[in-house]
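Have a look at the structure that comes next, please.
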Amino acid sequence: MKSISKKSSSARKLPAVCKIVLFFAFIGIITGCITGNLLKTSLYSPLLTIYNDITGRISELDINKSDIFFLSLKQNIKLSALLYLFALTNLWQYYYCAFALYTGFTNGLLLAFNIILHGAPGVIRFFCYLCPHSFLFIPLYLLIIAHCDKFHFDYSECNSLSGAKKGKLLLKQFPLFIIVILLILTGSLMEAILNLPLITWYSTFP
């Protein structure tokens with residue numbers, strides 16, 4: 001599979017690799033929704049009582065926002081680190097497709113779960129689970145994948161060069177890496193501080 005970075009595109013256009021990622025994420029969401037509906041009796045029914053109990057008492061639960069922050073921070077740093085690591089391998093193109101498919105699939109299951117339990121309003125509840133941090137994380141991961149795709153091509157081109165050349169190439173990634181860390185910190189704070197009150201507020205509605 002040839003690197004997507006070889007294809008020229010306007011700076012204003014969405015990179016081809018991002019279009020592929022969005023396509024596989026969309027396929028994953030559809031697959032997740034279908035799977036959720038097929039398994040709703042065996043998979044969702046046992047969780048219904050637990051889910052309703054938690055959402056019904058969510059305003060009374062003592063949830064530590066710092067725990068949510070550190071959990072989100074750990075998960076997103078791990079995911080972004082894996083993207084950079086796989087960009088160094090020949091499996092890069094397969095990995096970002098699998099990454100998009102899996103992410104879409106898990107969100108498709110969550111969407112199906114909410115629709116099964118709440119009907120059409122479940123779509124709004126689903127988006128409540130993703131707001132507002134996903135408005136930062138989605139473009140951030142598209143940025144990371146687009147950058148990793150270019151980095152993969154550049155790194156593959158310098159495989160025959162000296163270690164010093166590779167070292168310089170890796171150092172060039174450092175400024176963007178710092179920006180990514182700062183944006184992950186911001187997104188994790190948004191999830192910990194803003195997402196929980198939003199879910200709590202929406203859970204007060206029948």
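The values are calculated or read from the model by the stated rules, or taken from the named source; none is laboratory data. Computed from a prediction, not measured in an experiment: that's the story for all the values here. When we count neighbours, we look across all protein chains shown, and the Cβ atoms used for this are built from the backbone with ideal geometry, even at glycine. The area values use the complete protein model at the heavy-atom level, side chains included, leaving out ligands, DNA and RNA. Shrake-Rupley method; radii C 1.70, N 1.55, O 1.52, S 1.80 Å.
Just one of the numbered conditions (1) closer than 15 Å to Leu88 by Cα; (2) surrounded by 15 or more Cβ atoms within 10 Å (Cβ to Cβ) is not true of Tyr202; which one?
Of (1) closer than 15 Å to Leu88 by Cα; (2) surrounded by 15 or more Cβ atoms within 10 Å (Cβ to Cβ), only one is false for Tyr202: (1).
Here is a follow-up. If you go through the stretch 113-128, how many residues are part of a helix (DSSP H, G or I) and open to solvent by 50 Å² or more (accessible area, probe 1.4 Å)?
Residues meeting the conditions: 7.
Which count do you get for residues in the stretch 32-45 that are open to solvent by less than 60 Å² (accessible area, probe 1.4 Å) and either more than 15 Å from Leu117 (Cα to Cα) or modelled with pLDDT of 75 or more (or both)? Before the answer, list the steps.
Of all residues in the stretch 32-45, those open to solvent by less than 60 Å² (accessible area, probe 1.4 Å) come to 32-33, 35-36, 44.
Keeping just the survivors that are either more than 15 Å from Leu117 (Cα to Cα) or modelled with pLDDT of 75 or more (or both) gives 32-33, 35-36.
So the answer is 4.
Could you list all residues from the stretch 46-98 that are open to solvent by less than 40 Å² (accessible area, probe 1.4 Å), modelled with pLDDT of 90 or more and not in a helix (DSSP H, G or I)?
Within the stretch 46-98, Ala87 is the sole residue that qualifies.
Would you call Ser3 among the hydroxyl-bearing types (Ser, Thr, Tyr), open to solvent by 40 Å² or more (accessible area, probe 1.4 Å) and modelled with pLDDT under 90? Don't jump to the end; show me each part of the working.
Details: among the hydroxyl-bearing types (Ser, Thr, Tyr): yes; open to solvent by 40 Å² or more (accessible area, probe 1.4 Å): no; modelled with pLDDT under 90: yes.
The answer is no for Ser3.
If the requirement is being modelled with pLDDT of 95 or more and open to solvent by 50 Å² or more (accessible area, probe 1.4 Å), which of these qualifies: Leu101, Leu161, Leu136, Leu110?
Only one candidate passes the filter, namely Leu101.
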